[in-house]
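Please read the structure below before turning to the comments.
The values are calculated or read from the model by the stated rules, or taken from the named source; none is laboratory data. Note that this is a predicted model, so its numbers are computed, not measured. No Cβ is skipped: glycine too gets one built from the backbone with ideal geometry, and neighbour counts run over all protein chains shown. Accessible surface areas use protein heavy atoms only, side chains included; no ligands, DNA or RNA. Shrake-Rupley method; radii C 1.70, N 1.55, O 1.52, S 1.80 Å.
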Amino acid sequence: MDELAPTYFYPNRMGRIVLLAMEEILGRSGVNAVLNLASLSNYISNYPPHNQDLSVPFETISRLQAALEDAYGPRGGRGLALRAGRACFKYGLREFGAELGPTDLALRFLPLPTKLKVGSEAFTGLFNRFSDQRVRLEFDQGHIFWNIERCPLCWGRHADAPACHLAVGLLQEALYWVSGGKFFNVEETRCIAKGDAACTIVIDQNPMG
Ligand SMILES: [Zn+2]
């Protein structure tokens, strides 16, 4: 058995969403350059199809993140990953809206803390049910802790600082949607890539401004 064989996967749909979002932010030539840099040229003009097959290895997702930083520098790559994460939510809603559960109409009349709880639980369920990513939620007074215990974004990576910027952007946009247009402080405080047990993204439940 090859020890390097991929073990964990995203469904094709999620891999497709990541590439569509990166293309929106980087342009077609930008995403092709990143795919070449990541030794993933097999995906050029050949994005994963619209299905639920678990065929996109975690290595693919993390190599894309690393290649973004290689191509644009750590700061530039971080900014682009955040923006790509926000764009992922839009494509994700299109792909997974039905499975997500609560609609914007159903959420509209709930108080904000309930909206955030219902929304974050539904979003967690999406990853835990349809992919090999594992997310465990914790709550305290005023915060939601989004603990990614098996993380495709930094899979196999080593970094001095948290590296899963795409997830931060994704959650920022998800919170904007679920709250009906509010902005929240979202920060990754722990990351498996720097030796922590999980990638922890802390959400301040009080909107900014
Ligand atoms: Zn991570």
Kindly indicate whether Val31 is open to solvent by less than 50 Å² (accessible area, probe 1.4 Å) and in a strand (DSSP E or B). no
Test set (1) within 19 Å of Thr60 (Cβ to Cβ); (2) away from the ligand (no atom under 16 Å from the Cβ); (3) charged (D, E, K, R) - Arg129 fails condition number: (1)
The correct count of residues that are within 12 Å of the ligand (Cβ to nearest atom) and either open to solvent by 50 Å² or more (accessible area, probe 1.4 Å) or charged (D, E, K, R) (or both) in region 166-209 is 8
Within region 81-94, is there a residue that is of a type in the set (Ser, Thr, Tyr), closer than 11 Å to Val178 by Cα, in a helix (DSSP H, G or I) and open to solvent by 30 Å² or more (accessible area, probe 1.4 Å)? no
Output yes when any residue across region 94-114 is closer than 26 Å to Glu188 by Cα, among the aromatic types (Phe, Trp, Tyr) and at pLDDT below 95, and no when none is. yes
Out of region 133-146, which residues are surrounded by 18 or more Cβ atoms within 10 Å (Cβ to Cβ) and out of contact with any Pro (no Cβ under 7 Å at 6 or more places or on another chain)? Val135, Ile144, Trp146
Candidate set: region 37-59, residues that are assigned to a helix (DSSP H, G or I) and touching a residue at least 60 places away in the same chain (Cβ under 8 Å); chosen: the one surrounded by the most Cβ atoms within 10 Å (Cβ to Cβ): Phe58
